[in-house]
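Only one structure is covered here, and it is reproduced in the block below.
The values are calculated or read from the model by the stated rules, or taken from the named source; none is laboratory data. Since the model is a prediction, treat every value here as computed from it, not as a measurement. Here the Cβ positions follow ideal geometry from the backbone for every residue, glycine too, while neighbour counts run over all protein chains shown. Surface accessibility is based on the protein's heavy atoms, side chains included, excluding ligands, DNA and RNA. Shrake-Rupley method; radii C 1.70, N 1.55, O 1.52, S 1.80 Å.
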Amino acid sequence: MRKRWLALASLVGVLAFVAAGCGGDDDGGGGSVEGSEDVTGTISTMGTWAGPEQASFQAVIDGFNELYPNVTVKFTSGGNNLAPLLSTAVQGGNPPDIACIAQPGLIAQFAEQGAIQPIDDLRDAIVDNFGESVADVGAVDGTQYAIMFKGANKSTIWYNVADFEEAGVEPPETWDDLNEVTSTIKAAGITPYSVGVDAGWPISDIFENIYLRTAGADMYDQLANHEIPWTDQSVKDALTLMADVVGDSSNMAGGTDGALETTFDASAAKVFSESPQAAMLILGDFAPGVVKNNPLEPVTGYNVFAFPSIEGSSPAVVGGGDLCANFKTSEAATAFLEYLTTPEAAEIWAERGGFSSPNKNVDPDVYADEITRTTATGLAEAETFRFDMSDLQPSAFGGTPGQGLWKGFTDFVANPDNIDAVTQQMESDAQKAFANS
Amino acid sequence: MSESATTVEAPSGGLPPATDEPGLIRRYGVTLVFLAPTLVLLTVWVVYPTLRTIHRSFYDRSGDDFIGIDNYRTLFTDDALVTAIKNNFLWLLIVPFFVTAIGLVFAVLLERIRFSVAFKVVVFMPMAISLFAAGVIWRLMYEKDPSRGTVNAAVAVVADAVSPSGVLSGARPSTDELEGSPARGIVLQAPLEAGSVARLGLTAIREADVPSGAEQAVVPEALAGGITGVVWRDFKPGGGTPGELEQGELGLPGVTVELRSQGGEPTLETTTEPDGTFVFEEVAAGSYRAAIGPDTFTEPYAGVSWLSARLITPAIMMAYIWVWAGFSMVVIAAGLAAIPRDLLEAARTDGASEWQVFRRVTVPLLAPVLSVVFVTMLIYVLKVFDIVIAIAPGSVEDDANVVALAMWRTSFGGVNDFGLGAAIAVFLFLLVIPILALNIRRFRREL
């Protein structure tokens, strides 16, 4: 459901990407924040975080107040309704000072409306800490508007440790290694993958990971904006590689038919189990959380490795994140945003768990457990970071179950030999959707 | 509807000149007062939305441009929508008939048994839950894996009894030296003759599935005048070298090995030892092939893919019939109770068989009730929606599509094309009209 909202918002967002203002670059400072008692004021902040996440963000605010004792920061949780709440607040002329939004499309839309203010002064600090690729997610047409404070990593492959031990294989680092691991696992009589095709988006995540590695970030952006057609050779090449995983019925728990009817949470349950039906699961860092009563312990029962490099590609991550943007400029708001760029701010939440920081300068040791350390450092050390492509396209094409892109990928799993027909269909669906948006 | 509203209002609008007829005011005034709430509600909730939908169906996605009948053209050319229309006609042809027929059979048979009330309650029970909940239940029951899906679990009991799974189900040859498939049996390509040693390496056998008592595999000595060999699990953690018998690789005991003649006829048969070795002593001159028959590899029953593109529509129909059979049974049973018993008795006295009584007396007398059930089901089936969305996995939603679902998906399911969605709604409306007309005519006749 949430995914659908994301996609819906990005439909509007893609439009907004096209036209937006420009801003100049300033020399800003990097590194830690000194703090000051001279900055005063009260600022309001909003995010989706509730419950333990809200408490963790409050801890970050407390950390900020140690440096700026005379600033009061209030946080209001918008939950899953954050996007409509913010849009209404902007319409009503009473937005919060700062809001952290999960949809780049919405950031672009607000930037176009002039609802959020540029933070170009912080650009250097952001690049120093997060790297250019992550910084650019918060930029609209070269102007910095937001900081991706919290990240999500969808370039992860989970595995059942007992199955890996029985087959005598190690987590692979390259695509060729992965294929070798796959065939060794099969030779051990174990089904290599659990794939939850059902709605289609888990497959589209696999494709995005492959495409980002084989075609590169520039092509990824062009494909997301439909500047190159889905019939492009690069798409076909990526699909050919994808067939290494989903093209062989014996690779998947329940075979092709079984995978097509499996939902993503059911697919996770088949790996995170004491009697697993498959050894590996290609799913984002949220995977262990979707299994009710997960019987396995992290690290000893299940573990994770980064989506492998393909033909020497550099570390790349497809993912998501919360982008904090500035609706009203004030000294206090700028100070708070600047604080969010520092590793210190991220480490406060990281220590409390349930958090992956895209900040490269965060000390990996602060993460509470090894699994989060792996997924979070994967995110922070990625040389290339790209938002999930489904969130960047018109929802009719990129984000609707049983239609457009997701339908194309499920058709591909059902019929992996027919790459030409699948890409043809995707292209004609894309043309319709982009013409309509 | 709007016409009837004006005909009622017209006389009351012409009231002032008719002041000398107080009876008229009272008559129409009172009528109007009583009709007003219904008229207002019907206008707001039925008449206006209907007209607005028809109007909207001639406009494009944004609602700004008039595009004539383009939406209707799309409706009959777009593949997904055509599938939806085709499926809906299949539903119309199949489901009302089966619901009525099964209800009739239940109703007639239940009249003759004791505890019939208990049976009726059980058959009627599905009506007590919503169609969506029924859909969720059937989605789980239809899962392919027999250890999860109830339907396949039932089929698997029979299937596994007919063809029990083999000792090494799912095993595969470890190298190209062996050919064939689990379904046809695996054959060593190299021809053998007296004195040869055959190596049959197999993989894709789980450690836990290796027959008990297995020992380290060994390559047997060649035997003068006979053929020896080994069948082993050509795998050790990490993979090992395929085709090579290594330390740590287990023999596969109890496997039946065939020696086939050049023509493919099995001539000799033996089973393997705990270390995987086997011996054919005193083999006649000539060349042979060593093979393991398909029985060894028979896999446990994998289940029918009810939720696949091919079977999804029949599967959903079965679930739907299951839900509605109870309704049909209860209505028909009520009709049956009203049939004069003496007619049945008369038929029996005249020497009619039970089948003839049923066919020539019961069914004709029940015809009005049967047609009520049938027509009700026609209407319900035309607008079938929730059970389809609940059962069909996203990957086959296009194949299971029906008109009402297509309307929802087009309007609200992400496509957000209200013009086309409205056109589908109008089409559905047109389909329902003849059945409604039929129903209304029948009501009039009965009144």
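Summary table below
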item: For segment A:321-370 and segment B:382-434, distance of Cα centres in Å; result: 45
item: Alpha-carbon centroid distance for the pair segment B:286-310 / segment B:156-206, whole angstrom; result: 10
item: Volume per residue of the C-alpha convex hull in segment A:58-204, rounded to whole Å³; result: 200
item: Choice from A:Thr156, A:Thr334, A:Thr377 with maximal GNM fluctuation in chain A (Cα, 10 Å cutoff); result: A:Thr334
item: Most to least accessible of B:Val255, A:Val290 (protein chains only, probe 1.4 Å); result: A:Val290, B:Val255
item: Value of [θ]222 nm, deg cm²/dmol, for chain B, DSSP H segments ≥ 4, -39500 (n - 2.57) each, nearest 500; result: -16000 deg cm²/dmol
item: Degrees, to the nearest 10: A:104-113 long Cα axis against longest axis of chain A; result: 40
item: Amide hydrogen neighbours beyond the local backbone of B:Ala198, cut-off 5 Å, H modeled; result: B:Thr228, B:Gly229, B:Val230
item: Listed pairs A:Lys154/A:Lys186; A:Lys270/B:Lys144; A:Lys270/A:Lys292; A:Lys186/B:Lys236 exceeding 20 Å between Cα atoms; result: A:Lys154/A:Lys186
item: Reciprocal mean inverse distance between Cα atoms of segment B:172-297 - Kirkwood radius, Å; result: 14.3
item: For segment A:130-214, alpha-carbon Rg over 2.2 N^0.38 Å; result: 1.47
item: For A:Val73, residues with placed amide H under 5 Å, excluding near neighbours; result: A:Ile43
item: Per residue convex hull volume, Cα atoms of segment B:273-402, in Å³; result: 312
item: Rounded, prolate or oblate (a/c below 1.5 giving rounded, otherwise prolate when a/b exceeds b/c) for the protein assembly as shown by Cα gyration tensor; result: oblate
item: Proximal lysines relative to B:Lys383, as straight alpha-carbon distance under 19 Å, when same-chain residues fewer than 8 apart are discounted; result: B:Lys86
item: Shielding score for B:168-175, defined as the mean number of other chain Cβ atoms within 10 Å; result: 1
item: Size-normalised alpha-carbon gyration radius of segment B:119-190, reference 2.2 N^0.38 Å; result: 1.86
item: Shielding by partners - mean other protein chain Cβ count within 10 Å, residues of A:377-389; result: 0
item: Rg/Rh ratio calculated on Cα atoms of segment A:340-409 (Kirkwood radius); result: 1.17
item: Distant-in-sequence amide H partners of A:Ser356 (H built 1.01 Å from N, under 5 Å); result: A:Gly151
item: Computed accessible area, B:Phe115, all protein chains, 1.4 angstrom probe, square angstrom; result: 150
item: Expected-Rg normalisation [2.2 N^0.38 Å, Cα atoms] applied to chain A; result: 0.98
item: Alpha carbon centroid spacing (whole Å) that separates segment B:114-129 from segment A:103-148; result: 63
item: Two-decimal log10 I(q)/I(0) for segment A:209-345, as the Debye equation yields it once each C-alpha is a single scatterer, q = 0.11, 0.13 Å⁻¹; result: -0.64, -0.83
item: 16 Å Cα-Cα reach of A:Lys328 towards aspartates and glutamates, excluding residues that sit fewer than 8 places from it in its own chain; result: A:Asp97, A:Glu112, A:Asp120, A:Asp121, A:Glu338
item: Taking all pairs of distinct alpha-carbon atoms in segment A:96-135, Kirkwood radius in angstrom; result: 11.3
item: Inter-chain shielding of A:188-194 (mean C-beta neighbours from other protein chains, 10 Å cut-off); result: 5
item: Residues A:Val299 and B:Val117, FRET efficiency given R0 of 51 Å [Cβ-Cβ distance, rounded to 0.05]; result: 0.30
